[in-house]
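Participant: Quick one: the structure is below, and I'll ask about it shortly.
Read the figures in this text as sums done on the coordinates, not as results from a lab. From a predicted model like this one, the values you see are computed outputs, not experimental measurements. Positions of Cβ are generated from backbone atoms using ideal geometry, with glycine treated the same way; all protein chains shown enter the neighbour counts.
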């Protein structure tokens, strides 16, 4: 039982560390934490570029994402474009004005990985990512089978 608690606490701590680091960037550029989170998500997840992707993968509320996206568009940091095949789908892309923010996010991501994997050998890092991929696949399968509440 303690292993389950440890796993959940570890996930939460890792997320809290990243969010805390991202908060420094959001303060510097007058962004809300969700706005910074959206820019970070789009920067780090090529091909995942819709509000639905952000809501599902970052587990943020649809309303909060919608409001933050609108604000980022007003700040000329983000743009929308309609999908050419499915006109209901709207893609989001980061505009050149956001480059200083995305450069800091790239540096933050490297710093974050160095902190989290401090003292790990390259082989241990590779093993972690392989095991994490399996955990993610198992979790996805369980959710698709309806094993969640």
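Participant: Where does helix 122-144 land angle-wise versus the long Cα axis of the chain, in degrees 0 to 90, nearest 10?
Facilitator: Approximately 70 degrees, to the nearest ten.
Participant: Angle, helix 33-44 long axis vs. longest principal axis of the chain, Cα atoms, 0 to 90°, nearest 10?
Facilitator: Here the helix axis deviates by roughly 80 degrees.
Participant: Among 91, 3, rank each residue by its count of other Cβ atoms within 10 Å, from fewest to most, as a rough exposure measure.
Facilitator: 3, 91
Participant: I would also like to ask the following. Calculate the length of the line joining the C-alpha centroid of region 32-48 to that of region 86-102, in whole Å.
Facilitator: After rounding, the separation between the Cα centres reads 9 Å.
Participant: Then there's this: Starting from 0.36 nm per residue, how many nanometres of slack lie between residue 145 and residue 58 once their C-alpha separation is accounted for?
Facilitator: Working it through step by step, the gained length comes to 29.2 nm.
Participant: By how many nm would the segment from residue 73 to residue 88 grow when fully extended, if each residue of separation counts as 0.36 nm and the alpha-carbon distance is taken off?
Facilitator: Full extension of this stretch gives 3.5 nm more.
Participant: Please rank 21, 59, fewest neighbouring Cβ atoms within 10 Å first, as an exposure proxy.
Facilitator: Going from least to most buried by this count: 59, 21.
Participant: Hey, another quick one. Could you give the nm distance between label points at residue 13 and residue 81, where each point is 7 Å from its Cα heading toward the beta carbon?
Facilitator: Output for this residue pair reads 4.3 nm.
Participant: Kindly rank 137-144, 62-69, 31-38 from highest to lowest mean number of other beta carbons found within 10 Å of each residue.
Facilitator: 31-38, 62-69, 137-144
Participant: So, in nm, how far is label residue 44 from label residue 30 when the simple model puts each one 7 Å beyond its Cα toward the Cβ?
Facilitator: Distance between label points: 2.6 nm.
Participant: Which stretch or stretches of region 14-29 have amide N atoms under 15 Å from the point lying 7 Å from residue 118's Cα along the Cα→Cβ direction?
Facilitator: Within reach of a label on residue 118: 14, 17-18, 21.
Participant: State the percent of C-alpha pairs, over all pairs in the chain, separated by a distance greater than 24 angstrom.
Facilitator: The answer is 42 percent, as a whole percent.
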